[in-house]
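Scroll down for the structure; my scribbles are underneath it.
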Amino acid sequence: MSTLPVASSQPSRSAAPTATAAGWSWRPVALGALVLAALAVPFVLTDYRIFLATMTLITAIAVLGLNMLVGYNGQLSLGHGALYALGAYVTAVLMEHGGFAWWATLPVSAVVCFAFGFLFGWPALRLKGHYLALATFALALATPQLLKHKALEPWTGGVQGITLLKPEAPFGLELSADQWLYLVVLAMAGFLFLCAWNMLRGRLGRATIAIREQPIAASAMGINVPYVKAMTFGISALYTGVAGSLGAIATAFVAPDSFGMFVSIFFLVGVVVGGLGTISGALVGAAFIQFIPNVADQISKSAPSAIFAGFLILCMFLMPQGFVGLVRDGLRRLRTRGQRPRRGD
Amino acid sequence: MAALLEAKNVEAFYGPTRVLKGIDFEVAEGGITTILGANGAGKTSTLRALSGLVRRTGEIRFAGQRIDGFTTEKIAALGIAHVPDGRGTLVNMTVEENLRVGAYLCRSKQVVEEGMERMFGYFPRLRERRQQQAGTLSGGEQQMLAISRALMQRPKLLLMDEPSFGLAPLIIREIFDIMRVVNKQEGVGILLVEQNVARALDLADHAWLLETGSTVMSGTAKELRDNEQIRRSYLGF
Amino acid sequence: MYSLLQQLASGIAMGAIYACLGLALVMIYQSTHHINFAQGEMAMFSTFIAFLLLKWGLPYWAAGLITLAFGFVAGFAIERLVLRPLGEVPELSVIVVFIGLFVGINSLAGWIFGHQLEPFPSPFPDKVPGGTTLISGHELGTVVVVLLVMAILYAFLRFTKVGLAMRASAENPVSSRLAGIPVSLMLSLGWGLSALIGAVAGLMVAPVVFLEPNMMGGVLIYAFAAALLGGIDNPWGAVAGGLIVGVIENLAGTYVVGTELKLSLALVLIVGVLLIRPSGIFGRKLVVRV
């Protein structure tokens with residue numbers, strides 16, 4: 001189990017500069033470079049590549065949602081694919097049957113997913129570890145079946161699903177649909193990441209981490225453990241659900257079979273590969289699950305999943321703390337090089 | 001008398017933290033040696049270092065042979081039995097199964113049965129509770145069981161980690177009396193780590209004093225008992 | 001009424017398979033506190049080996065024994081070559097490795113053996129001698145085989161020295177090492193044994209659902225649920241859990257919701273039970289001292 005103390009759970013995007021021996025801090029510089037690169041994307045890449053970048057950002061939001069629950073709160077969920085599907089279908093149904101504009105569906109999706117997460121989380125989080133994993137996994141498995149069910153077909157379009165229209169750039173801007181969508185998603189991702197970072201530094205974040213580390217002590221200190229757990233689940237569901245909505249808009253299509261159990265498992269992989277309990281890791285993890293399967297496909301047409309599995313296992317050997325954990329370890333080693341080893345008592 | 005166990009400049013680590021800073025001590029063949037010290041002095045770490053349960057450096061010789069690079073299982077096979085702090089009871093197994101686990105290294109069934117009889121001789125209470133689940137035994141009984149489990153190995157050296165911990169004085173006396181008997185009858189050397197200084201000095205021949213990871217004093221038990229500094233700091237008078 | 005009894009019998013037979021795989025899961029959990037999510041895929045792969053041997057003309061009993069031996073060796077090898085070198089890593093990283101093993105073994109099986117459904121023979125006669133149609137020959141045979149495996153396992157763990165050492169290693173590795181028990185070897189043996197038991201489950205389920213790489217996916221989920229229902233630290237609870245799950249699944253599928261939703265319904269019921277008894281029906285309530 002993660003033993004990161006609260007302080008080191010701070011994400012790498014920190015406003016307070018950390019001075020290295022050289023006297024300047026690298027974090028704002030890295031952040032600035034990242035922002036510039038992100039803004040340049042729609043103008044240097046082809047439409048298809050832009051679309052992939054958009055999907056990566058969307059996946060990153062979903063992975064961040066899961067990471068809040070798993071990394072910061074220490075609760076294992078194998079069912080976030082269901083929340084992704086929920087957000088996607090809320091958007092699709094509202095657009096198709098309610099005539100909503102795509103952007104208007106987002107607040108509704110956020111509220112619905114939050115409510116679902118909160119209400120599911122309250123009783124479910126009585127379960128610990130593997131028991132919770134099973135409960136959430138049950139959710140993930142039930143989702144495609146429920147979506148295909150006859151009773152819901154008039155709304156969900158059954159197996160066929162629902163096709164949507166891709167949003168065009170407004171005000172006659174000289175942007176393709178993909179470019180416009182990318183910028184929108186980028187702005188949303190930036191906003192959501194910032195909110196997450198702010199939340200996790202604040203009271204809720206500290207309470208969440210306290211519960212992960214020492215639930216009994218946290219409760220004894222006056223933290224309302226069920227409430228915080230349910231809130232964390234709710235917010236986690238909100239993030240992943242909104243990602244699902246954005247995903248539906250970006251792919252312009254929802255169908256039950258795209259939301260099988262592997263979506264949930266891939267999100268978990270993204271969390272672990274990126275780095276548990278980190279915000280920046282969500283981007284790395286999303287990139288991993290977005291691109292490595294394609295790489296695997298290119299290496300071997302006949303057994304691409306085996307190659308992907310090989311990558312996965314290799315990753316866990318080389319960086320069990322995830323990518324961000326690896327980077328932090330490396331930086332710490334650089335910083336303490338030359339210092340004498342600590343003496344214990 | 002030849003030393004059964006010799007430790008030279010032994011350091012021990014929990015991860016990057018160094019808890020033993022190069023200690024030296026000896027256990028004489030057939031004798032009882034005690035290591036004393038306050039909480040956090042490094043007593044348990046010393047025994048763990050001997051058994052190979054923590055990362056250690058330095059020289060450890062057992063009957064002349066260097067064992068500081070050996071695995072725990074190998075060290076046990078060489079004849080060192082360790083009664084760990086907290087007793088290490090296999091709580092879901094019966095008393096008898098606990099003893100059989102202790103006898104894992106014995107090849108002969110007869111030796112195992114004889115061993116069990118001997119243990120029940122030392123601790124009749126265990127015979128009464130033979131088929132009882134070990135987790136339901138009282139603290140004192142679990143300590144007796146832990147010692148018996150170690151003795152089933154037929155060791156040459158017995159390491160004991162704070163056997164008096166959490167026990168009532170009468171039980172402590174009973175256990176320490178048996179230890180004296182075991183030492184005499186079976187010729188087993190004993191290295192005893194204790195916070196209960198009075199009892200330890202009563203039982204032991206030799207004593208070493210540990211303070212924050214280093215040995216600061218050593219001598220015969222009598223010398224330490226008569227030492228005024230020890231009396232003031234550890235015995236309170 | 002008669003058909004209800006038939007459904008019950010089928011449920012018990014499938015339940016025996018879930019119990020078997022669930023037992024394998026619990027055995028590994030007890031010694032390592034990890035759930036081997038790849039247990040089903042390992043069983044499937046072993047069953048494919050049996051398929052090959054049968055195709056090459058070996059009699060069933062020989063193919064079966066070689067398959068069990070293969071399962072044992074494969075389990076032992078995976079523990080030694082993949083899990084052991086991993087060392088001390090966070091729990092979730094181990095889960096990801098298991099996911100990797102799951103996907104990898106599944107993909108490998110598809111690549112080597114193909115994705116088509118293969119009929120797999122049952123070693124038991126179609127009809128039970130005596131002529132009853134309450135339960136098929138294979139169903140009865142399955143229950144008998146699984147009970148036999150469990151009896152042998154119980155006897156092994158309870159009455160042999162190695163069995164004792166394995167139990168001790170799972171319960172308290174430090175005390176076991178101090179007694180000279182080679183704990184890491186015991187761990188690998190435990191994995192081998194679990195894989196062997198899993199292979200039995202695979203051999204028993206293949207005649208029912210046809211052999212193909214995705215054969216064990218559903219079985220694993222039910223086995224996992226069964227293990228949790230019975231209390232994850234209780235191997236015999238997993239057996240009881242398996243039987244209960246098998247019956248619920250069958251009855252739910254036949255009388256309530258049909259095959260598509262029966263998995264969801266069964267899981268919902270199980271989660272409901274877990275909410276009332278969070279440690280499972282027969283699980284030990286762990287009292288943690290703060």
**Report entry** Conditions (1) within 20 Å of the chain's Cα centre (by Cα); (2) more than 9 Å from chain C (Cβ to nearest Cβ); (3) of a type in the set (A, V, I, L, M, F, W, C): number failed by residue A:272
**Finding:** (2)
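Conditions (1) within 13 Å of chain C (Cβ to nearest Cβ); (2) closer than 16 Å to residue B:77 by Cβ; (3) surrounded by fewer than 19 Cβ atoms within 10 Å (Cβ to Cβ), marked per residue:
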| residue | (1), (2), (3) |
| --- | --- |
| B:92 | yes, no, yes |
| B:109 | yes, no, yes |
| B:113 | no, no, yes |
| B:143 | no, no, no |
Requested in this report: Kindly list, by first and then second residue, each pair from a residue in the range A:63-76 that is closer than 13 Å to residue A:208 by Cβ to a residue that is modelled with pLDDT of 90 or more and small (Gly, Ala, Ser), limited to pairs with Cβ atoms under 6 Å and residues at least 6 apart or on different chains.
Outcome: A:68/A:236; A:69/A:236
Requested in this report: Within the range C:115-157, work out how many residues are surrounded by fewer than 16 Cβ atoms within 10 Å (Cβ to Cβ), within 21 Å of the chain's Cα centre (by Cα), without any contact (Cβ under 8 Å) to a residue 40 or more places away in the chain and farther than 19 Å from residue C:29 by Cβ.
Outcome: 5
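Of the residues A:140, A:133, which single one is out of contact with any helix residue (DSSP H, G or I) (no Cβ under 7 Å at 6 or more places or on another chain), of a type in the set (A, V, I, L, M, F, W, C) and surrounded by 20 or more Cβ atoms within 10 Å (Cβ to Cβ)? It would help to see each step written out before you state the result.
Numbers: A:140 fails: out of contact with any helix residue (DSSP H, G or I) (no Cβ under 7 Å at 6 or more places or on another chain).
Checking each option against the conditions leaves just A:133.
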Query raised in the report: Can you find a residue in the range B:160-182 that is of a type in the set (D, E, K, R) and at pLDDT below 90?
Result: no
**Report entry** Restricting the range C:184-213 to residues that are surrounded by fewer than 24 Cβ atoms within 10 Å (Cβ to Cβ) and β-branched (Val, Ile, Thr), the residue that is nearest to the other protein chains (Cβ to nearest Cβ)
**Finding:** C:209
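From A:287, A:248, which residue is touching a strand residue (DSSP E or B) at 6+ places or on another chain (Cβ under 8 Å) and away from chain C (no Cβ under 14 Å)?
Values: A:287 fails: touching a strand residue (DSSP E or B) at 6+ places or on another chain (Cβ under 8 Å).
Result: A:248 is the single residue among A:287, A:248 that is touching a strand residue (DSSP E or B) at 6+ places or on another chain (Cβ under 8 Å) and away from chain C (no Cβ under 14 Å).
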Query raised in the report: Got a sec? Which of B:55, B:107, B:100, B:66 is touching a strand residue (DSSP E or B) at 6+ places or on another chain (Cβ under 6 Å), of a type outside the set (A, V, I, L, M, F, W, C) and at negative phi?
Result: B:55
Query raised in the report: When the residues of the range A:136-171 are filtered to those that are in contact with a Ser or Thr (Cβ under 9 Å, 6 or more places away or on another chain) and small (Gly, Ala, Ser), which remaining residue is modelled with the highest pLDDT?
Result: A:140
Report summary line: In the range A:153-189, residues that are buried (at least 19 other Cβ atoms within 10 Å of the Cβ) and assigned to a strand (DSSP E or B) total 1
Report summary line: By my count, helices (runs of 4 or more DSSP H) wholly in the range C:2-86 with at least 3 residues that are within 14 Å of another protein chain (Cβ to nearest Cβ) and within 24 Å of residue C:122 (Cβ to Cβ) are C:39-55
Report task. Would you check which residues across the range C:2-29 are among the polar types (S, T, N, Q) and crowded, with 20+ Cβ neighbours inside 10 Å and list them? Result -> C:10
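The values are calculated or read from the model by the stated rules, or taken from the named source; none is laboratory data. Since the model is a prediction, treat every value here as computed from it, not as a measurement. Positions of Cβ are backbone-derived with ideal geometry, glycine not excepted, and every protein chain shown enters the neighbour counts.
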